[in-house]
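K.L.:
Encoded as structure tokens, here's the structure I'll be asking about.
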Amino acid sequence: MHEFFLPVIQSALCSAGIETNKQINIEQPSDKKFGDFSTNIALLTAKECRRNPRELALEIIGHLVFPPDTIAKIEVAGAGFINFYLTPLFIMQSVEQVLLDGDEYGKGGIGKGERALVEYVSANPTGPLTIGRGRGGVLGDCIANLFETQGYEVTREYYFNDAGRQMQILGESVMLRYLERCGKVIEFPPTHYQGEYIREIAETIYNEHGTELSASSELKIFKEIAEEIIFSSIRKTLDRLSIHHDSYFNEHTLYTPDKRGLTPNQNVITALRERGFIAEYDGATWFLTTKLGQEKDKVLIKSSGEPSYRLPDIAYHITKFERNFAVIVNVFGADHIDEYPDVIEALKILGFDTGRIKIAINQFVTTTVDGQTLKMSTRKGNADLLDDLIDDVGADATRLFFIMRSKDSHLNFDVELAKKQSKDNPVFYLQYAHARICSLLRMALQETGFDPASSSEHHLLHLLTSQAELQLGFALLDYPAMIKTSLRLLEPQKMVEYLHSLAEVFHRFYQECPIIKAKPDICKARLFLSLATRQVLRNGFRILGVSAPESM
RNA sequence: GUGCCCGUAGCUCAAUGGAUAGAGCAUCAGCCUUCUAAGCUGAGGGUUACUGGUUCGAGUCCAGUCGGGCGCACCA
């Protein structure tokens, strides 16, 4: 709609002799009595024009030239808002557009020819995925879907490390449990992984090898088996949520020398050193972040000679630039909040365009069961497992609940609610609308023999002029803008909210307007409108990764 | 102590700096001989934590205060 109003308003300002660098806002008033769309441009420019805003608005109106039959009414209201009312014709033409575009409706071309990288989940294979990780996973997946709607060629990447100290501890943990299983008395350090899954892996090894590995105490084998089992379990869990990655980036790559015998990690140190941001002291190599106003320098290479996580992180991000991504999105949980500023600073120093990087941080998840709030703790092994949650409430509810709140808000996951097969449950409210339309179309075909999907009598839509019909049509017209907003804010939650209101408007239409029982032409028109609604619901569900049931 | 996020109806949450702060749940009152009532209509419910500031206009931006969450390692 922006594209529709913007040029008209711009040229009106121009012919009214108003020059301004203020941005022209097209907004949807909260109340329909203020029009379908409105602009505050007169309010914004009144001061610099030294004019009364209402008077200015009237003058601007005088210069507005819209295509015929698009705008029904323009008025000045309040302090100086200009409110626009669309014609029914315009609205129904948009509905026709939905039918013509089908699965493509709502897509755009902003990102055409550009590549976007979305990195998410990125859990190291040290244990099964927790509920907290699930939120980031679904968020990342939806963000990737949003980018795809705008024509970006999206790579979904998973960054992991199977070589570091945590993996060492994992190997030791499994080995100890294995030895225990073999009947040896062991001491299990509190620093090690306490989860039951460690015992299960040990059990698997025991079943396969018996006690034959108990003498060797060779860590590698335990580590490898554990990694294999855990990684495949992670992928299986993600698969249940329809989360699939195109690319798995192993941190190990960054320790591997290139043709000149230098590792990406070393190259980072060299480059930062050239720019004066590296120093050695206390036996370690430091990134001089104090030069950037931070309290402490950050260790890049530990006194043991191993890089700290920060160094490969920087090197990893350089590969994102080298791989030529126009947009680089990082999705992670609030516990990693301190991780990225150093990376960004380093990239800036090295001359990369950090404006291409977008960070989406999701806040934590608590689960409520029987009204009791459980707090997540990854340590102790009492963390809630994502798999258990999916078992409990299903994939659709899991996905939708994870993204139906703003990523900046703490998420209170009400397990009982998600399980409910009733209207209280937003998943069912949305899916019910879709199923209801499917049922309606089936019934219509049976009763009248009319199938809107294979008819081109779209012009009949113009017979629809009631409040409920126009509201539904308007909601459909709004969909492409919702996608763009969602993408800009990296906030799929907007989509959930939109779809909920679309479902609501549809239910009202369904309630008020008889369809199959209406006169033939009206019946057809309403079936077109219903079909278009189903199309938008489907397109939206696809972005959210929620299924669209034909019947319930 | 410090960095980030949050504080909005009884509960869970919305609100690109805009007009009378909105949904759902819960409560109360209506609507099925009629296309799925898993639905719809209506009512009640608010000092947007607090105090200042910025401006035509603040839940939103700025400063401070108070509460809650998450980080603050030569772990990742």
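K.L.:
May I ask which residue of A:TYR309, A:GLN535, A:THR285 lies farthest towards the positive end of the charge dipole of chain A, with charges of +1 (Lys, Arg) and -1 (Asp, Glu) on Cβ and the Cα centre as origin?
P.N.:
A:GLN535
K.L.:
Mind checking the angle between helix A:520-544 and chain A's longest principal axis? C-alpha axes, 0 to 90 degrees, to the nearest 10.
P.N.:
Once rounded, one gets 20 degrees.
K.L.:
Here's something else I'd like to know. Go through A:GLU469, A:GLU339, A:GLU104, A:GLU203 and list them by solvent-accessible area, largest first, probe radius 1.4 Å.
P.N.:
A:GLU104, A:GLU203, A:GLU339, A:GLU469
K.L.:
For chain A, what proportion of DSSP beta bridges, expressed in % and rounded to the nearest 5, is antiparallel?
P.N.:
Restricted to chain A, the bridges split so that about 50 percent are antiparallel.
K.L.:
Oh, and also: What number does segment A:490-539 give for Rg over Rh if you use C-alpha atoms and the Kirkwood radius?
P.N.:
Looking at segment A:490-539, the ratio lands at 1.10.
K.L.:
Pulled fully out, how much extra length does the chain show between A:LYS519 and A:GLU114, if you take 0.36 nm times their separation in residues and subtract their Cα-Cα distance?
P.N.:
Net length gain for the segment: 140.9 nm.
K.L.:
Between A:LEU489 and A:GLU306, what is 0.36 nm times their sequence separation minus the Cα-Cα distance? Round to one decimal in nm.
P.N.:
62.1 nm
K.L.:
At 0.36 nm per residue, minus the direct Cα-Cα distance, what do A:GLU208 and A:ASN250 gain on full extension? Give it in nm, one decimal, please.
P.N.:
Going from the current span to full extension adds 12.3 nm.
K.L.:
Just tell me which lysines come within less than 26 Å, Cα to Cα, of A:LYS420; anything on the same chain fewer than 8 places away is out.
P.N.:
Answer for A:LYS420, where 26 Å is the Cα cut-off: A:LYS236, A:LYS375, A:LYS407, A:LYS494, listed by chain and number.
K.L.:
Oh, and also: Give the aspartates and glutamates whose C-alpha is closer than 16 Å to that of A:LYS22, dropping any in the same chain fewer than 8 places away, or say none.
P.N.:
A:GLU48
K.L.:
If you count only protein heavy atoms with a 1.4 Å probe, what accessible area per residue comes out for segment A:101-152, rounded to a whole Å²?
P.N.:
Solvent-accessible surface per residue comes out at 29 Å².
K.L.:
Report in % the part of the accessible area of chain A that belongs to carbon and sulfur, leaving out ligands and nucleic acids; probe 1.4 Å.
P.N.:
Heavy-atom surface of chain A belonging to carbon and sulfur, 1.4 Å probe: 49 percent.
K.L.:
A further question follows. Once both labels are modelled 7 Å past Cα along the beta-carbon direction, what's the A:THR354-A:GLN421 spacing in nm?
P.N.:
Calculated label separation equals 5.2 nm.
K.L.:
As an exercise, take the mean of 1/r over every pair of distinct alpha carbons in chain A, invert it, and state the Kirkwood radius in angstroms.
P.N.:
It is 27.3 Å.
K.L.:
On to the next question. Using label points projected 7 Å from each Cα along Cα→Cβ, tell me how many nm separate A:VAL369 and A:LYS32, to one decimal.
P.N.:
Spacing of the two 7 Å Cα→Cβ label points: 4.5 nm.
K.L.:
Take peptides A:145-154, A:479-488 and line them up by average Cβ neighbours within 10 Å, highest first, as a rough protection proxy.
P.N.:
Per-residue Cβ counts within 10 Å, averaged per peptide and sorted highest first, yield A:145-154, A:479-488.
K.L.:
Could you point to the residue in A:THR398, A:GLN446, A:CYS182 farthest towards the positive end of chain A's charge dipole, with +1 and -1 charges on the Cβ of Lys/Arg and Asp/Glu respectively?
P.N.:
The residue sitting farthest along the positive end of the dipole is A:GLN446.
K.L.:
Which FRET efficiency value, to the nearest 0.05, is calculated for A:SER466 and A:SER11 with the Förster distance at 45 angstrom and r the Cβ-Cβ distance?
P.N.:
0.85
K.L.:
Considering only protein heavy atoms, what is the solvent-accessible area of A:ASP258 at a probe of 1.4 Å, reported in Å² to the nearest 10?
P.N.:
60
K.L.:
What does the charge dipole of chain A about its Cα centre add up to, to the nearest 20 debye, if the Cβ of each Lys and Arg holds +1 and the Cβ of each Asp and Glu holds -1?
P.N.:
920
K.L.:
A further question follows. Can you give the percent of C-alpha pairs in segment A:262-414 whose distance is more than 18 Å?
P.N.:
The share of Cα pairs beyond 18 Å in segment A:262-414 comes to 66 percent.
K.L.:
While we're here: Taking Cα pairs under 8 Å and at least six residues apart, what relative contact order does segment A:2-86 come out at, in percent?
P.N.:
The value is 31 percent.
K.L.:
Can you tell me the order of A:220-232, A:86-98, A:437-449 when each peptide is scored by its average per-residue count of other Cβ atoms within 10 angstrom, highest first?
P.N.:
Descending mean neighbour count gives A:86-98, A:220-232, A:437-449.
K.L.:
Let me ask something additional. Based on DSSP H runs of at least 4 residues, each adding -39500 (n - 2.57), what is the mean residue ellipticity at 222 nm of chain A after dividing by all its residues, to the nearest 500 deg cm²/dmol?
P.N.:
Calculated at 222 nm, the ellipticity per residue is -15500 deg cm²/dmol.
K.L.:
Relative contact order for chain A using alpha-carbon pairs under 8 Å, separation at least 6, rounded to a whole percent?
P.N.:
Answer for chain A is 16 percent.
K.L.:
Any number yet on Rg/Rh for segment A:165-240, C-alpha, Kirkwood?
P.N.:
When Rh is taken as the Kirkwood radius, the ratio is 0.97.
K.L.:
Something else: Could you report segment A:165-240's accessible area per residue, 1.4 Å probe, as an integer in Å²?
P.N.:
Per residue, segment A:165-240 has an accessible area of 57 Å².
K.L.:
Percent of Cα-Cα pairs per 5 Å bin, from 0 to the last occupied bin, for segment A:2-86, please list those.
P.N.:
P(r) for segment A:2-86, in whole percents per bin: 3, 16, 29, 29, 16, 6, 1.
K.L.:
With charges set only on the Cβ (+1 for Lys and Arg, -1 for Asp and Glu), what does the dipole of segment A:2-86 come to about its Cα centre, in debye to the nearest 20?
P.N.:
With only Lys, Arg, Asp and Glu charged at Cβ, the dipole is about 260 debye.
K.L.:
Considering amide H positions built from the backbone, and no H for Pro or chain starts, which residues 5 or more places from A:PHE249, or on another chain, come under 5 Å of its amide H?
P.N.:
Answer set, sorted by chain and number: A:TYR158, A:TYR159, A:PHE160.
The values are calculated or read from the model by the stated rules, or taken from the named source; none is laboratory data. These numbers were taken from a predicted model, which means no experiment stands behind them. With ideal geometry, Cβ positions are generated from the backbone for all residues, glycine too; neighbour counts draw on all protein chains shown. Remember, those area values only see protein heavy atoms, side chains included, never the ligands or the DNA or RNA. Shrake-Rupley method; radii C 1.70, N 1.55, O 1.52, S 1.80 Å.
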